[in-house]
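Engineer: Sharing a structure below in structure tokens format, with a few things to ask.
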Amino acid sequence: MTRKSRFKAAGRNDLWFAGACLIGLVVWGIAAQADAQTAEAEPAGPAIAWNAAVGSDYVFRGVSQTEEDAAISGGVDLTSGIFYAGAWASNVAFPGDPDTNAEIDLYAGVRPEFAGWNWDFGAVGYFYTGQPNGADYDYVEARFAASRAFGPATIGAAVYWSPDFFGAAEDEATYVEANAAFSPADRWTISGAVGRQFLSSDFDYTTWNLGVARQLTDNLTLDVRYHDTDAHDFGDIYGSRAVASLKAAF
């Protein structure tokens, strides 16, 4: 049983709907950014950032995506002003599925700043290579997020919504999360999150994580984090676990 654990029939109209949502979010984000600015400024030039990581597990919303084995991942981000787009990939392994071997995420959106908060309006597409015929794991989520810094602390919240979730059950899904981070000393960060995954098929569960990160160099960060859910009965991949990862950003 995987983190979404159900199968669904493909919904091409749902992809069009998600695309329309993204366009609407982009337009709204641009308008909000324009309202928040008191003086016109030159747009920032595009910037590219790369990242790579190796970890003892790949955990997504409290659930192992690699059957509790190690994961290697990498990605690239392009930003220009409030706009961003990127891609990220990792190896995956699901119980009972010997074929699916990688997840590729594509995402885009806008990150305006207004009312004292940093906002994120975007969409994420999740795509899987080698999946069995008829599995249809691929899906798209709309993302709404906000965060605000208070000295060395940052608090935030996020909502993800998909009209046609992972698998063939045609589930509508919503994930809500509250998160926080605190930097007690230079190069140290303590962070955590609590989230709830809702599915229209009532396959709901709560997840949380707490960890500490140490910036080893300007480019390398070591993160040690504990994950858990209230759905241990769903299988071992929903169980509690500690995960260590080394991340590079450049």
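Engineer: Using θ = phi - 60° and the Karplus form 6.51 cos²θ - 1.76 cosθ + 1.60, what ³J(HN,Hα) does each residue of the stretch 128-145 get, whole Hz, x for Gly and Pro?
Structural biologist: Karplus values, whole Hz, x for Gly and Pro: 10, 9, x, 5, x, 4, x, 5, 6, 6, 4, 7, 10, 10, 8, 10, 10, 9.
Engineer: Report the per residue volume, in Å³, of the convex hull enclosing the C-alpha atoms of the stretch 178-250.
Structural biologist: Enclosed volume per residue, from the Cα hull, is 107 Å³.
Engineer: Ignoring solvent entirely, what values of log10 I(q)/I(0) come out of the Debye formula for the stretch 77-217 at 0.21 Å⁻¹ when each Cα is a single scatterer?
Structural biologist: Listed by q, the Debye log ratios stand at -1.41.
Engineer: Oh, and also: With Rg and the Kirkwood Rh both taken from Cα atoms, where does Rg over Rh land for the stretch 101-183?
Structural biologist: Computed over Cα atoms, the ratio is 1.09.
Engineer: Identify the residues of the stretch 85-99 with backbone N under 16 Å of a label point that sits 7 angstrom from the Cα of Glu67 along the Cα-to-Cβ direction, or state none.
Structural biologist: 91-99
Engineer: Can you give me the distance in nm between label points at Ala102 and Asp77, each placed 7 Å from the Cα along the Cα-to-Cβ direction?
Structural biologist: 2.2
Engineer: While we're on this one: Where q = 0.12, 0.13, 0.27 Å⁻¹, what log10 of I(q)/I(0) comes from the Debye formula for the stretch 47-106, counting one point per Cα?
Structural biologist: Here the Debye-derived log intensity ratios amount to -0.35, -0.40, -1.09.
Each value in this text was obtained by applying a stated rule to the coordinates, not by laboratory testing. These figures come from a predicted structure and were not determined experimentally. Note that we place each Cβ from the backbone using ideal geometry, even for glycine, and neighbour counts take in every protein chain shown.
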